[in-house]
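The next block holds one structure in the form of structure tokens; read it before the comments.
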Amino acid sequence: MKKNILLFLLCGLYCSLLQASLTDGAEYYILNDYYGKVLGTSEDGSTPRLSKIGLNKDSLSYVFIAEKSSQSGYYYLRLKSTGKYLAANSSNAWGVVYQTEKGSGDAALWALDVQFGRTIVNKKSSSKCLGCDWTRDDYVGVYYDKTFNSLSRFSVFPAKSEGYDASLATASTDVFVNEYGNQQK
């Protein structure tokens, strides 16, 4: 019994080190773990898409600025290159869009932490998570109606001035605990 309690406390400490709240005004990359592609824009810059880093000419089209909201645990994600906010489609088509303002509803509110292999949830539909479908395209569409699976696992880590590779190297860890409590590399 004491061994289980100690193990539980150590796991909790380890998990808390890997999962930390975003910092208001800080910049982040959002990496889809399945594809190894980063959330940014489509080729023309109009819609949210996953792509390999560097595929877009504007390197800032992959950087999000976190803005704390009045809703506990939720943040606005503003794309650094355009100043637009990531939001669930207001027509309820399960798509994700960029909008010029935060808006007064829940569509632009996201629950996420600095994390490895976790889900990102929109307040509009908190029983579903951000994810994508299987494809071979260079640009992968993202949606907010997915269940937890390999296509909805994201790693969120701080963007450093040295660029994506340096940011990822600094954020990487050998082992993390996934949502099921299992250690993964």
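The values are calculated or read from the model by the stated rules, or taken from the named source; none is laboratory data. All values reported here derive from a predicted model rather than from experimental measurement. Using ideal geometry, Cβ is built from the backbone for each residue, glycine included, and neighbour counts are taken over all protein chains shown. Just so you know, the surface numbers come from the protein's heavy atoms only, side chains and all, with ligands and any DNA or RNA stripped out. Shrake-Rupley method; radii C 1.70, N 1.55, O 1.52, S 1.80 Å.
Summary of computed values
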{"read-out": "Checklist (1) within 14 Å of the chain's Cα centre (by Cα); (2) open to solvent by 30 Å² or more (accessible area, probe 1.4 Å); (3) aromatic (F, W, Y) applied to Y85, failing item", "value": "(2)"}
{"read-out": "Among residues of segment 48-81, those that are free of Cβ contacts under 8 Å to residues at least 40 places away in the same chain and of a type in the set (S, T, N, Q), counted", "value": "4"}
{"read-out": "Within segment 65-82, considering residues that are closer than 19 Å to D165 by Cα and part of a loop (DSSP other than H, G, I, E, B), the one least open to solvent (accessible area, probe 1.4 Å)", "value": "S81"}
{"read-out": "Hits in segment 108-125 (condition: under 15 Å from S72 (Cα atoms) and of a type outside the set (V, I, T))", "value": "A108, L109, W110, A111, L112, D113, N122, K123, K124"}
{"read-out": "Residue count, segment 102-160 (criterion: of a type in the set (G, A, S), in a loop (DSSP other than H, G, I, E, B) and open to solvent by less than 10 Å² (accessible area, probe 1.4 Å))", "value": "1"}
{"read-out": "Scope segment 88-101; condition within 17 Å of the chain's Cα centre (by Cα) and part of a strand (DSSP E or B); matching residues", "value": "A88, G95, V96, V97, Y98"}
{"read-out": "Near pairs, Cβ below 9 angstrom, 6+ apart or cross-chain, from segment 124-136 (farther than 12 Å from W110 by Cβ) to any residue that is open to solvent by 80 Å² or more (accessible area, probe 1.4 Å) and in a loop (DSSP other than H, G, I, E, B)", "value": "K128/W94; G131/Y34; C132/Y34; W134/Y34"}
